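Everything on this sheet refers to the single structure shown next.
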Amino acid sequence: MKVLRWLDKHFEECIMFANLWIIVCLSTIQIIMRYLFKNSLSWPEEMNRYLFIWFAYIGLSYAVRYSCHTRIDIFETLVPKLKKGLSVVCDLGLLFFSVYMIGPGWTVVSQLHASNQTSSAMGLPMYVVYFSLLAGLVLMLFRLAQKYILLLLAARKHKKEVSDG
């Protein structure tokens with residue numbers, strides 16, 4: 001049970017940390033190869049690009065989990081009472097966007113899988129790269145649902161405590 005709780009809190013962080021660590025290592029190797037040995041490798045640049053794409057889409061879920069996604073907060077600053085309502089509106093926008101984008105994303109991934117398109121330097125199937133969008137969107141939907149389920153449970157618990165006490 002502790003492992004599941006830890007994963008719940010740190011899943012996105014672990015994936016993003018691993019991606020960033022690999023990007024730094026591959027970039028260092030590429031710099032050493034290019035400047036010390038005068039011979040660069042063909043695949044690290046491509047791999048870094050794809051890892052960064054995965055990093056960005058998993059970051060969507062992380063941002064939703066900690067409510068740190070980019071937004072314009074002028075209304076929240078001018079009228080602080082609107083903060084909770086605007087947060088719900090923002091989350092609904094993310095929900096509708098995610099649900100809408102899953103369909104086209106699935107279509108693209110399916111087409112790439114059927115065409116067996118691969119990347120030029122590594123020969124990596126391109127559907128693996130494009131699947132990052134679907135993974136990010138599904139994780140974001142999961143985190144949105146989790147956020148509101150936890151809020152409802154906390155409200156229910158508070159209501160019960162008030163009625164009992």
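The values are calculated or read from the model by the stated rules, or taken from the named source; none is laboratory data. Because the structure is predicted, anything quoted here is derived from the model rather than measured. Ideal geometry is used to build each Cβ from the backbone, glycine not excepted, and the neighbour counts take in all protein chains shown. Quick note on the areas: whole protein, heavy atoms, side chains included, nothing else; ligands and nucleic acids left out. Shrake-Rupley method; radii C 1.70, N 1.55, O 1.52, S 1.80 Å.
Some observations on this one:
- Projected label distance in nm at Ile32 and Cys68, using a 7 Å step from Cα toward the beta-carbon: 3.1
- Degrees between helix 2-35 axis and first principal axis of the chain (Cα, 0 to 90, nearest 10): 30
- The chain: angle of helix 126-164 to the longest principal axis, Cα-based, in degrees nearest 10: 20
- Along each principal axis, Cα extent of segment 1-160, largest first, Å: 67, 41, 37
- Segments 138-151, 99-112 sorted - mean Cβ within 10 Å per residue, highest first: 138-151, 99-112
- Max mean-square fluctuation residue, GNM over the chain, Cα-Cα springs under 10 Å, options Pro80, Pro125, Pro44: Pro80
- Count of Lys pairs (Cα-Cα under 25 Å; at least 8 positions apart or interchain) in segment 1-149: 7
- For Ile22 and Ala114, the difference between the fully extended length at 0.36 nm per residue and the C-alpha to C-alpha distance is 30.2 nm.
- Across segment 38-47, coupling constants 3J(HN,Hα) worked out from phi with the 6.51/-1.76/1.60 Karplus curve, θ = phi - 60°, read 6, 8, 8, 8, 8, 9, x, 5, 5, 4 Hz, and Gly and Pro carry x.
- Most positive-pole-ward Cα, Ser110, Gln146, Phe131, against dipole of the chain from beta carbon charges: Gln146
- Split the accessible area of the chain by element, probe 1.4 Å, and carbon with sulfur accounts for 71%.
- Sites matching trypsin sites (Lys or Arg not before Pro) across segment 1-106 that sit in DSSP coil, with at most 16 neighbouring C-beta atoms within 10 Å: Lys38, Arg71
- Calculated P(r) of segment 1-52 - Cα pairs past 15 Å, %: 56
- Rounded to 10°, Cα long-axis angle of helix 83-115 versus longest principal axis of the chain: 30
- Gain on full extension, evaluated as 0.36 nm per residue between Leu78 and Ala135 minus their Cα-Cα distance, stands at 16.9 nm.
- Helices in the chain, meaning DSSP H runs of at least 4 residues, each add -39500 (n - 2.57). Divided by all residues, the mean residue ellipticity at 222 nm is -29000 deg cm²/dmol.
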